[in-house]
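The values are calculated or read from the model by the stated rules, or taken from the named source; none is laboratory data. Keep in mind that this is a model prediction, so the values were computed, not measured. Side chains included, ligands, DNA and RNA excluded: accessible areas come from the protein's heavy atoms. Shrake-Rupley method; radii C 1.70, N 1.55, O 1.52, S 1.80 Å.
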Amino acid sequence: YDVIKDGFLDTHIPTIRTLYREQCTAMLAALAQYMPEGVHWNTPRGGMFLWVNLPQGMDATAVLAKAVEQNVAFVPGAPFFAADPVIESLRLAFVTVPPPRIEVGVRRLAEVIRASR
């Protein structure tokens with residue numbers, strides 16, 4: 001009640017939407033520029049994350065260990081599946097990082113993926 005009674009959400013939500021849109025757009029552009037062939041991702045219509053699918057048989061958890069060595073982190077997607085986990089999936093958050101750092105992170109992740117093939 002305290003958060004909505006003074007109109008905070010009415011002014012804050014448009015600001016956050018604009019920021020998240022810019023960060024999402026930056027991540028999508030970096031993915032398109034740097035990811036190797038065989039890597040696919042969704043285009044979110046909202047939210048704070050997007051999903052990436054690595055080439056068939058590539059284990060996102062194994063890639064994570066190598067990505068962390070390059071100061072890049074993501075969440076492996078397999079635990080999000082109730083049945084038949086997809087080991088090739090991973091979740092990237094775009095709302096916690098400014099666009100210039102998003103580009104650097106995606107470029108580094110792409111390099112790790114190439115090296116892991």
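In vacuum, with every alpha carbon of segment 23-87 counted as one equal point scatterer, what does the Debye formula give for log10 I(q)/I(0) at q = 0.13, 0.17, 0.23 Å⁻¹? Two decimals, please.
After summing over all Cα pairs, the log10 values are -0.39, -0.68, -1.23.
Which value, in Å², gives the accessible area per residue of the chain when a 1.4 Å probe is used on the protein heavy atoms?
63
Any chance you could tell me what percent of the C-alpha pair distances in the chain go past 26 Å?
26
Just for the chain, what percent of DSSP beta bridges are antiparallel, to the closest 5?
Counting DSSP beta bridges with both partners in the chain, the antiparallel share is about 100 percent.
Can you pull the accessible area of I87 for me, 1.4 Å probe, Å² to the nearest 10?
Number for this one is 70 Å².
Of all accessible surface on the chain at a 1.4 Å probe, what whole percent is carbon and sulfur?
56
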